[in-house]
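A quick write-up on the structure given underneath.
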Amino acid sequence: MEFYGHMIARLDGGGIEKDFDRYSGFVQKGIAGFIVFGGELGILRKYIGKLQDSSPQPLIIASDLEQGLGQQVKGGTIFPPAMALSSAYKSCGSDGGEIMRRVFGAYAEESLYAGINTILAPVVDINTNPHNPVISVRSFGEDGETVSLMSGIMIETLQSNGIVACAKHFPGHGDTSIDSHISLPVLNKGMGELEEVELLPFKKAVAGGVRSMMLAHISVPSIDKTGVPLSISGKAVEYIRNRLGFNGMLMTDALNMGGILSTGRNKAGEMALNAGVDILLHPADPDELNDHLKGGNRSYDIGDVEDFRRGLMVRADKIPDFRSNASLAEMITWRSIQMDQGIGDIKPTSVVIVKEDKKLSCGIFEGYLRERFAGIKYFRISDDRVPGPALTGNNVLTVIFSTTAAWKGNMPEWFNGSIQKIKDRTRLFVVFGNPYVVHEINKPKVLTFWCSEQAERAAVKKMEEFHE
(Lines give C-alpha, C1' and ligand atoms only; values in the text may rest on other atoms or scores of the structure.)
Protein backbone atom coordinates (compact mmCIF):
# COMPACT_ATOMS: atom_id res chain seq x y z
CA MET A 1 0.00 0.00 0.00
CA GLU A 2 1.13 3.52 -0.79
CA PHE A 3 0.68 6.38 1.68
CA TYR A 4 1.10 9.42 -0.55
CA GLY A 5 -2.62 10.10 -0.21
CA HIS A 6 -1.95 11.35 3.33
CA MET A 7 0.81 13.77 2.26
CA ILE A 8 1.01 17.37 1.11
CA ALA A 9 4.47 17.80 -0.43
CA ARG A 10 6.48 20.97 -0.94
CA LEU A 11 6.21 22.68 -4.32
CA ASP A 12 8.76 25.37 -5.12
CA GLY A 13 6.88 27.69 -7.46
CA GLY A 14 10.03 29.21 -8.89
CA GLY A 15 11.08 25.80 -10.22
CA ILE A 16 7.70 24.31 -11.13
CA GLU A 17 8.41 24.35 -14.86
CA LYS A 18 11.87 22.81 -14.54
CA ASP A 19 10.77 20.21 -11.96
CA PHE A 20 7.34 19.54 -13.41
CA ASP A 21 8.05 15.87 -14.10
CA ARG A 22 8.91 15.33 -10.43
CA TYR A 23 5.68 16.96 -9.25
CA SER A 24 3.69 15.10 -11.90
CA GLY A 25 5.28 11.89 -10.65
CA PHE A 26 3.96 12.57 -7.15
CA VAL A 27 0.48 13.04 -8.62
CA GLN A 28 0.75 9.67 -10.34
CA LYS A 29 1.72 8.14 -7.00
CA GLY A 30 -1.47 9.51 -5.46
CA ILE A 31 -0.17 12.53 -3.52
CA ALA A 32 -2.93 14.42 -1.70
CA GLY A 33 -1.55 17.78 -2.75
CA PHE A 34 1.17 20.38 -2.51
CA ILE A 35 2.12 23.37 -0.38
CA VAL A 36 3.30 26.22 -2.61
CA PHE A 37 6.34 28.38 -1.85
CA GLY A 38 7.17 31.20 -4.25
CA GLY A 39 6.75 31.44 -7.99
CA GLU A 40 5.38 33.81 -10.63
CA LEU A 41 1.63 33.99 -11.00
CA GLY A 42 1.26 33.19 -14.70
CA ILE A 43 3.68 30.26 -14.69
CA LEU A 44 2.35 28.90 -11.41
CA ARG A 45 -1.25 29.05 -12.63
CA LYS A 46 -0.36 27.23 -15.85
CA TYR A 47 1.51 24.33 -14.25
CA ILE A 48 -0.76 23.88 -11.25
CA GLY A 49 -3.54 23.59 -13.81
CA LYS A 50 -1.60 20.82 -15.58
CA LEU A 51 -1.15 18.96 -12.31
CA GLN A 52 -4.85 19.24 -11.55
CA ASP A 53 -5.75 18.01 -15.03
CA SER A 54 -3.60 14.92 -14.53
CA SER A 55 -5.16 14.04 -11.16
CA PRO A 56 -8.26 11.81 -10.97
CA GLN A 57 -9.65 14.03 -8.21
CA PRO A 58 -8.82 17.59 -7.10
CA LEU A 59 -5.45 18.12 -5.46
CA ILE A 60 -5.11 20.11 -2.26
CA ILE A 61 -3.07 23.12 -3.36
CA ALA A 62 -2.19 24.92 -0.14
CA SER A 63 -0.02 27.88 0.77
CA ASP A 64 0.85 30.05 3.77
CA LEU A 65 -1.03 33.14 2.60
CA GLU A 66 -1.59 34.89 5.93
CA GLN A 67 -1.06 38.18 4.06
CA GLY A 68 -2.66 37.26 0.76
CA LEU A 69 -1.31 35.76 -2.46
CA GLY A 70 1.53 38.28 -2.71
CA GLN A 71 3.11 36.84 0.42
CA GLN A 72 4.29 33.89 -1.69
CA VAL A 73 3.58 34.59 -5.36
CA LYS A 74 4.95 37.37 -7.57
CA GLY A 75 2.06 39.15 -9.19
CA GLY A 76 -0.29 38.73 -6.24
CA THR A 77 -1.29 41.41 -3.75
CA ILE A 78 0.33 41.50 -0.33
CA PHE A 79 -1.60 42.88 2.63
CA PRO A 80 -0.38 43.83 6.12
CA PRO A 81 -0.03 41.08 8.75
CA ALA A 82 -2.90 40.01 10.99
CA MET A 83 -2.18 42.37 13.87
CA ALA A 84 -2.20 45.31 11.47
CA LEU A 85 -5.52 44.13 10.05
CA SER A 86 -7.01 44.18 13.54
CA SER A 87 -5.73 47.72 14.02
CA ALA A 88 -7.26 48.77 10.70
CA TYR A 89 -10.54 47.06 11.57
CA LYS A 90 -10.80 49.12 14.76
CA SER A 91 -9.89 52.38 13.02
CA CYS A 92 -12.63 51.82 10.42
CA GLY A 93 -15.40 51.87 13.01
CA SER A 94 -18.73 50.44 11.86
CA ASP A 95 -17.32 49.80 8.38
CA GLY A 96 -14.58 47.53 9.73
CA GLY A 97 -16.34 44.23 9.14
CA GLU A 98 -17.28 45.01 5.55
CA ILE A 99 -13.77 46.26 4.74
CA MET A 100 -12.20 43.10 6.18
CA ARG A 101 -14.53 41.01 4.04
CA ARG A 102 -13.20 42.89 1.02
CA VAL A 103 -9.65 42.12 2.15
CA PHE A 104 -10.22 38.41 2.66
CA GLY A 105 -12.31 38.30 -0.50
CA ALA A 106 -9.23 39.54 -2.36
CA TYR A 107 -7.18 36.77 -0.74
CA ALA A 108 -9.69 34.22 -2.03
CA GLU A 109 -10.13 35.46 -5.59
CA GLU A 110 -6.40 35.88 -6.24
CA SER A 111 -5.54 32.52 -4.70
CA LEU A 112 -8.15 30.62 -6.70
CA TYR A 113 -6.97 32.34 -9.86
CA ALA A 114 -3.45 31.08 -9.12
CA GLY A 115 -4.82 27.58 -8.54
CA ILE A 116 -4.50 27.61 -4.75
CA ASN A 117 -7.60 26.24 -3.03
CA THR A 118 -6.44 25.99 0.60
CA ILE A 119 -5.04 28.89 2.62
CA LEU A 120 -3.16 27.86 5.76
CA ALA A 121 -4.71 30.64 7.82
CA PRO A 122 -6.03 32.17 9.98
CA VAL A 123 -3.46 32.12 12.75
CA VAL A 124 -5.77 31.82 15.76
CA ASP A 125 -2.93 31.94 18.29
CA ILE A 126 -3.35 34.67 20.91
CA ASN A 127 -0.07 36.54 21.26
CA THR A 128 0.01 36.83 25.05
CA ASN A 129 3.81 36.62 25.22
CA PRO A 130 5.47 39.85 24.00
CA HIS A 131 8.73 37.93 23.58
CA ASN A 132 7.21 35.36 21.24
CA PRO A 133 9.73 35.01 18.39
CA VAL A 134 7.49 33.47 15.72
CA ILE A 135 3.84 34.55 16.21
CA SER A 136 3.91 38.26 17.17
CA VAL A 137 2.22 40.29 14.40
CA ARG A 138 1.00 37.09 12.71
CA SER A 139 -1.64 36.99 15.47
CA PHE A 140 -4.75 39.16 15.28
CA GLY A 141 -4.14 40.29 18.85
CA GLU A 142 -3.48 39.70 22.51
CA ASP A 143 -6.96 38.64 23.61
CA GLY A 144 -9.29 35.84 22.64
CA GLU A 145 -12.17 38.12 21.67
CA THR A 146 -10.18 40.02 19.04
CA VAL A 147 -8.57 36.89 17.64
CA SER A 148 -11.92 35.05 17.51
CA LEU A 149 -13.68 37.98 15.84
CA MET A 150 -11.08 38.58 13.14
CA SER A 151 -10.40 34.91 12.43
CA GLY A 152 -14.15 34.32 12.23
CA ILE A 153 -14.48 36.98 9.51
CA MET A 154 -11.53 35.47 7.65
CA ILE A 155 -12.85 31.90 7.83
CA GLU A 156 -16.35 32.84 6.72
CA THR A 157 -15.13 35.02 3.85
CA LEU A 158 -12.54 32.58 2.51
CA GLN A 159 -14.85 29.59 2.65
CA SER A 160 -17.84 31.39 1.16
CA ASN A 161 -15.56 32.23 -1.78
CA GLY A 162 -14.40 28.67 -2.42
CA ILE A 163 -11.20 28.57 -0.32
CA VAL A 164 -10.59 26.08 2.49
CA ALA A 165 -9.42 27.91 5.64
CA CYS A 166 -7.15 26.32 8.25
CA ALA A 167 -7.16 27.28 11.94
CA LYS A 168 -3.63 27.05 13.30
CA HIS A 169 -1.65 26.20 15.46
CA PHE A 170 -3.59 23.96 17.90
CA PRO A 171 -3.67 24.38 20.87
CA GLY A 172 -2.09 27.85 20.58
CA HIS A 173 1.48 29.02 19.91
CA GLY A 174 0.99 32.51 21.33
CA ASP A 175 2.43 32.07 24.82
CA THR A 176 5.73 30.48 23.84
CA SER A 177 9.26 31.85 23.79
CA ILE A 178 10.64 29.22 21.39
CA ASP A 179 10.02 28.94 17.65
CA SER A 180 8.81 25.40 16.91
CA HIS A 181 10.59 25.60 13.54
CA ILE A 182 13.81 25.44 15.55
CA SER A 183 13.03 23.30 18.63
CA LEU A 184 10.13 21.99 20.69
CA PRO A 185 8.30 24.53 22.90
CA VAL A 186 6.64 23.31 26.10
CA LEU A 187 3.42 25.01 27.21
CA ASN A 188 2.92 24.35 30.92
CA LYS A 189 -0.67 25.44 31.45
CA GLY A 190 -3.56 23.62 33.06
CA MET A 191 -6.62 22.65 31.05
CA GLY A 192 -8.70 25.32 32.76
CA GLU A 193 -6.43 28.13 31.62
CA LEU A 194 -6.05 26.64 28.13
CA GLU A 195 -9.81 26.47 27.68
CA GLU A 196 -10.30 30.03 28.91
CA VAL A 197 -7.54 31.52 26.75
CA GLU A 198 -5.67 29.55 24.07
CA LEU A 199 -8.52 27.28 23.02
CA LEU A 200 -11.21 29.96 22.81
CA PRO A 201 -10.51 30.96 19.17
CA PHE A 202 -10.35 27.28 18.16
CA LYS A 203 -13.79 26.70 19.67
CA LYS A 204 -15.12 29.72 17.78
CA ALA A 205 -13.48 28.56 14.56
CA VAL A 206 -15.08 25.12 14.85
CA ALA A 207 -18.45 26.73 15.56
CA GLY A 208 -17.91 28.88 12.46
CA GLY A 209 -17.41 25.81 10.28
CA VAL A 210 -13.66 25.94 9.61
CA ARG A 211 -12.80 23.02 7.33
CA SER A 212 -9.25 22.24 8.42
CA MET A 213 -7.05 22.59 11.48
CA MET A 214 -3.29 22.40 11.98
CA LEU A 215 -1.69 20.82 15.04
CA ALA A 216 1.44 22.48 16.41
CA HIS A 217 4.75 20.90 17.28
CA ILE A 218 4.24 21.93 20.91
CA SER A 219 4.36 19.79 24.03
CA VAL A 220 1.42 20.45 26.37
CA PRO A 221 1.52 18.05 29.35
CA SER A 222 -2.01 18.95 30.47
CA ILE A 223 -3.30 17.51 27.17
CA ASP A 224 -0.76 14.70 26.73
CA LYS A 225 1.32 13.94 29.81
CA THR A 226 3.82 11.91 27.76
CA GLY A 227 5.22 15.22 26.50
CA VAL A 228 5.10 14.32 22.79
CA PRO A 229 4.37 17.13 20.34
CA LEU A 230 0.61 17.50 19.96
CA SER A 231 1.00 17.18 16.19
CA ILE A 232 1.53 13.44 16.72
CA SER A 233 -0.58 12.95 19.84
CA GLY A 234 -3.65 10.73 19.98
CA LYS A 235 -4.75 12.60 23.11
CA ALA A 236 -4.74 15.87 21.14
CA VAL A 237 -6.76 14.34 18.31
CA GLU A 238 -9.21 12.87 20.83
CA TYR A 239 -9.67 16.30 22.42
CA ILE A 240 -10.21 17.98 19.05
CA ARG A 241 -12.70 15.39 17.86
CA ASN A 242 -14.61 14.78 21.09
CA ARG A 243 -14.31 17.99 23.10
CA LEU A 244 -14.16 20.58 20.32
CA GLY A 245 -16.44 18.57 18.06
CA PHE A 246 -14.28 19.19 14.99
CA ASN A 247 -15.00 16.84 12.08
CA GLY A 248 -12.89 18.48 9.40
CA MET A 249 -9.41 17.79 8.06
CA LEU A 250 -6.58 17.56 10.63
CA MET A 251 -3.01 18.16 9.51
CA THR A 252 0.36 18.32 11.18
CA ASP A 253 2.51 21.40 11.04
CA ALA A 254 5.40 20.95 8.59
CA LEU A 255 7.33 17.72 9.22
CA ASN A 256 10.64 19.33 8.27
CA MET A 257 10.59 21.53 11.39
CA GLY A 258 12.98 21.32 14.33
CA GLY A 259 10.16 20.89 16.83
CA ILE A 260 9.66 17.33 15.59
CA LEU A 261 13.33 16.50 15.02
CA SER A 262 13.92 14.58 18.26
CA THR A 263 11.09 12.20 17.34
CA GLY A 264 12.50 11.60 13.88
CA ARG A 265 10.67 12.99 10.87
CA ASN A 266 9.57 9.67 9.40
CA LYS A 267 8.67 8.27 12.81
CA ALA A 268 6.71 11.45 13.48
CA GLY A 269 4.68 10.89 10.31
CA GLU A 270 3.88 7.37 11.42
CA MET A 271 2.90 8.51 14.90
CA ALA A 272 0.68 11.25 13.48
CA LEU A 273 -1.27 8.78 11.35
CA ASN A 274 -1.52 6.38 14.30
CA ALA A 275 -2.92 9.29 16.34
CA GLY A 276 -5.65 9.90 13.79
CA VAL A 277 -4.24 12.91 11.92
CA ASP A 278 -5.37 12.98 8.28
CA ILE A 279 -2.63 14.94 6.49
CA LEU A 280 1.15 14.94 6.88
CA LEU A 281 2.29 18.40 5.83
CA HIS A 282 5.61 19.07 4.09
CA PRO A 283 7.52 15.84 4.72
CA ALA A 284 11.23 16.32 4.09
CA ASP A 285 11.23 13.42 1.60
CA PRO A 286 7.82 12.03 0.61
CA ASP A 287 9.29 8.91 -0.99
CA GLU A 288 11.36 8.10 2.07
CA LEU A 289 8.38 8.65 4.36
CA ASN A 290 6.19 6.45 2.16
CA ASP A 291 8.77 3.64 2.34
CA HIS A 292 8.95 4.01 6.12
CA LEU A 293 5.17 3.77 6.44
CA LYS A 294 5.06 0.71 4.16
CA GLY A 295 7.50 -1.00 6.48
CA GLY A 296 4.99 -0.71 9.32
CA ASN A 297 2.56 -3.13 7.63
CA ARG A 298 -0.39 -1.01 8.66
CA SER A 299 -3.10 0.71 6.62
CA TYR A 300 -4.82 4.00 7.36
CA ASP A 301 -8.28 5.10 6.27
CA ILE A 302 -7.97 7.42 3.30
CA GLY A 303 -11.72 7.87 2.84
CA ASP A 304 -12.03 11.15 4.74
CA VAL A 305 -9.17 12.71 2.77
CA GLU A 306 -10.70 11.59 -0.52
CA ASP A 307 -14.10 12.99 0.47
CA PHE A 308 -12.43 16.26 1.43
CA ARG A 309 -10.61 16.48 -1.90
CA ARG A 310 -13.73 15.82 -3.93
CA GLY A 311 -15.26 19.02 -2.56
CA LEU A 312 -12.34 21.28 -3.51
CA MET A 313 -12.41 23.96 -6.16
CA VAL A 314 -9.68 23.54 -8.76
CA ARG A 315 -9.30 27.05 -10.16
CA ALA A 316 -11.09 30.26 -11.06
CA ASP A 317 -10.93 31.77 -14.55
CA LYS A 318 -12.06 35.30 -13.72
CA ILE A 319 -9.06 37.62 -13.63
CA PRO A 320 -8.95 39.45 -10.26
CA ASP A 321 -8.86 43.23 -10.16
CA PHE A 322 -5.25 43.41 -9.00
CA ARG A 323 -5.13 47.22 -9.23
CA SER A 324 -8.16 47.60 -6.96
CA ASN A 325 -6.74 45.03 -4.53
CA ALA A 326 -3.42 46.89 -4.40
CA SER A 327 -5.24 50.12 -3.59
CA LEU A 328 -7.18 48.33 -0.86
CA ALA A 329 -3.93 47.01 0.61
CA GLU A 330 -2.42 50.51 0.61
CA MET A 331 -5.49 51.93 2.35
CA ILE A 332 -5.52 49.17 4.97
CA THR A 333 -1.82 49.70 5.64
CA TRP A 334 -2.41 53.40 6.24
CA ARG A 335 -5.47 52.75 8.44
CA SER A 336 -3.56 50.23 10.54
CA ILE A 337 -0.77 52.58 11.66
CA GLN A 338 -1.00 53.61 15.30
CA MET A 339 0.29 56.98 16.48
CA ASP A 340 0.34 57.95 20.14
CA GLN A 341 -1.66 61.06 20.97
CA GLY A 342 1.19 62.59 22.96
CA ILE A 343 3.68 62.86 20.12
CA GLY A 344 3.61 66.66 19.96
CA ASP A 345 5.70 68.69 17.53
CA ILE A 346 8.46 66.56 16.00
CA LYS A 347 11.75 68.46 15.66
CA PRO A 348 14.51 65.89 16.19
CA THR A 349 18.11 66.86 16.86
CA SER A 350 19.26 63.60 15.25
CA VAL A 351 17.90 60.37 13.75
CA VAL A 352 19.00 56.87 14.70
CA ILE A 353 18.09 54.01 12.34
CA VAL A 354 18.27 50.55 13.91
CA LYS A 355 18.05 47.69 11.41
CA GLU A 356 17.85 44.12 12.63
CA ASP A 357 19.17 43.06 9.22
CA LYS A 358 21.26 45.25 6.92
CA LYS A 359 19.20 44.03 3.95
CA LEU A 360 15.96 45.53 5.24
CA SER A 361 14.75 48.48 3.17
CA CYS A 362 14.50 51.91 4.76
CA GLY A 363 15.03 54.23 1.80
CA ILE A 364 11.52 55.63 1.46
CA PHE A 365 11.11 56.68 5.06
CA GLU A 366 14.70 57.88 5.44
CA GLY A 367 14.32 59.97 2.28
CA TYR A 368 11.23 61.60 3.76
CA LEU A 369 13.03 62.37 7.03
CA ARG A 370 16.04 63.88 5.25
CA GLU A 371 13.76 66.14 3.28
CA ARG A 372 11.58 67.06 6.25
CA PHE A 373 14.38 67.58 8.78
CA ALA A 374 17.32 68.86 6.77
CA GLY A 375 20.69 69.37 8.39
CA ILE A 376 20.43 66.91 11.31
CA LYS A 377 22.77 64.01 11.97
CA TYR A 378 21.96 60.40 11.08
CA PHE A 379 23.29 57.30 12.78
CA ARG A 380 22.79 53.70 11.64
CA ILE A 381 22.96 50.60 13.77
CA SER A 382 22.87 47.25 11.99
CA ASP A 383 25.41 45.27 14.00
CA ASP A 384 26.78 45.45 17.56
CA ARG A 385 27.87 49.10 17.31
CA VAL A 386 25.94 51.80 19.16
CA PRO A 387 26.32 55.58 18.56
CA GLY A 388 28.83 57.07 20.95
CA PRO A 389 29.44 60.64 22.12
CA ALA A 390 28.34 62.08 18.78
CA LEU A 391 24.75 61.28 19.75
CA THR A 392 23.78 64.25 21.91
CA GLY A 393 20.58 65.75 23.21
CA ASN A 394 17.31 64.15 24.28
CA ASN A 395 15.25 64.81 21.18
CA VAL A 396 16.27 61.82 19.07
CA LEU A 397 13.98 60.21 16.51
CA THR A 398 14.67 56.47 16.52
CA VAL A 399 13.45 54.41 13.57
CA ILE A 400 13.48 50.61 13.98
CA PHE A 401 13.25 47.98 11.24
CA SER A 402 12.67 44.33 12.13
CA THR A 403 10.77 41.27 10.93
CA THR A 404 8.84 38.31 12.34
CA ALA A 405 9.64 35.11 10.48
CA ALA A 406 9.85 31.36 10.84
CA TRP A 407 13.26 29.78 11.51
CA LYS A 408 14.64 33.12 12.73
CA GLY A 409 14.49 32.71 16.48
CA ASN A 410 14.79 35.53 18.98
CA MET A 411 15.99 39.03 18.24
CA PRO A 412 19.80 39.31 18.49
CA GLU A 413 21.12 40.62 21.79
CA TRP A 414 22.91 43.55 20.15
CA PHE A 415 19.60 44.68 18.63
CA ASN A 416 17.68 44.72 21.90
CA GLY A 417 20.69 46.17 23.69
CA SER A 418 21.04 49.01 21.19
CA ILE A 419 17.42 50.04 21.69
CA GLN A 420 17.85 50.02 25.45
CA LYS A 421 20.99 52.17 25.25
CA ILE A 422 19.33 54.92 23.21
CA LYS A 423 15.81 54.84 24.68
CA ASP A 424 16.39 57.60 27.25
CA ARG A 425 17.52 60.04 24.57
CA THR A 426 14.74 59.09 22.18
CA ARG A 427 11.82 61.51 21.81
CA LEU A 428 9.85 59.35 19.36
CA PHE A 429 10.09 55.74 18.17
CA VAL A 430 8.88 54.82 14.68
CA VAL A 431 8.71 51.02 14.42
CA PHE A 432 8.54 49.09 11.17
CA GLY A 433 7.89 45.45 12.00
CA ASN A 434 7.58 43.88 15.44
CA PRO A 435 5.98 46.41 17.83
CA TYR A 436 7.10 44.41 20.85
CA VAL A 437 10.70 45.59 20.47
CA VAL A 438 9.56 48.77 22.28
CA HIS A 439 6.79 47.13 24.29
CA GLU A 440 8.22 48.08 27.70
CA ILE A 441 9.46 51.56 26.74
CA ASN A 442 7.23 54.41 27.86
CA LYS A 443 7.88 56.86 25.01
CA PRO A 444 5.69 58.14 22.15
CA LYS A 445 5.51 55.65 19.28
CA VAL A 446 4.38 55.18 15.72
CA LEU A 447 3.67 51.48 15.02
CA THR A 448 3.33 50.05 11.51
CA PHE A 449 3.38 46.28 12.31
CA TRP A 450 5.45 45.27 9.28
CA CYS A 451 8.63 46.11 7.47
CA SER A 452 7.89 46.93 3.83
CA GLU A 453 7.98 49.76 1.32
CA GLN A 454 4.20 49.76 1.53
CA ALA A 455 4.39 50.43 5.27
CA GLU A 456 7.02 53.12 4.72
CA ARG A 457 4.81 54.95 2.25
CA ALA A 458 1.87 54.77 4.64
CA ALA A 459 4.00 56.05 7.52
CA VAL A 460 5.18 58.99 5.42
CA LYS A 461 1.56 59.83 4.67
CA LYS A 462 0.66 59.64 8.36
CA MET A 463 3.55 61.88 9.35
CA GLU A 464 2.72 64.43 6.67
CA GLU A 465 -0.88 64.53 7.83
CA PHE A 466 0.30 65.01 11.40
CA HIS A 467 2.39 68.04 10.41
CA GLU A 468 -0.36 69.70 8.38
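The values are calculated or read from the model by the stated rules, or taken from the named source; none is laboratory data. Fair warning: this is a prediction, and the values are worked out from it, not measured in the lab. Here the Cβ positions follow ideal geometry from the backbone for every residue, glycine too, while neighbour counts run over all protein chains shown. These accessible areas exclude ligands, DNA and RNA; they are computed on the full protein's heavy atoms, side chains included. Shrake-Rupley method; radii C 1.70, N 1.55, O 1.52, S 1.80 Å.
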How much of the calculated P(r) for the range 255-312 lies past 13 Å, in percent of all Cα pairs? 63 percent
With a 1.4 Å probe and all protein chains in place, put Trp450, Trp334 in order of accessible area, largest first. Trp334, Trp450
Unit charges on C-beta of K, R, D, E only; dipole of the range 39-104, Debye: 140 debye
Kindly sort Arg22, Arg335 by accessible area of their heavy atoms, largest first, with the probe set to 1.4 Å. Arg22, Arg335
At a 1.4 Å probe, what is the % contribution of carbon and sulfur to the accessible area of the chain? 47 percent
Over the chain, with neighbouring protein chains present, the accessible area per residue in Å² at probe 1.4 Å is 40 Å²
By average Cβ neighbour count within 10 Å, what is the ranking of 285-292, 90-97, 50-57 from highest down? 285-292, 50-57, 90-97
Rank-order 163-169, 210-216 by packing density, defined as the average count of other C-beta atoms within 10 Å over each peptide's residues, highest first. 163-169, 210-216
Cα gyration tensor shape of the range 13-73, rounded if a/c is under 1.5, else prolate or oblate by comparing a/b with b/c: prolate
Using +1 on the beta carbon of Lys and Arg, -1 on that of Asp and Glu, and nothing else charged, what's the dipole of the chain about the Cα centre, debye to 20? 800 debye
Check: the range 1-65 dipole with +1 on Lys, Arg Cβ and -1 on Asp, Glu Cβ, in debye: 80 debye
How much of His131 can a 1.4 Å solvent probe reach, expressed as accessible area in Å² and rounded to 10? 110 Å²
Gap in Å between the Cα centre of the range 323-364 and the Cα centre of the range 54-108? 21 Å
Accessible surface ranking that places the most exposed of Glu110, Glu142 first, with a 1.4 angstrom probe: Glu142, Glu110
In µm²/s, what is D for the chain at 37 °C and 0.692 mPa s, where D = kT/(6 pi eta Rh) by Stokes-Einstein and Rh is the Kirkwood radius from Cα pairs? 142 µm²/s
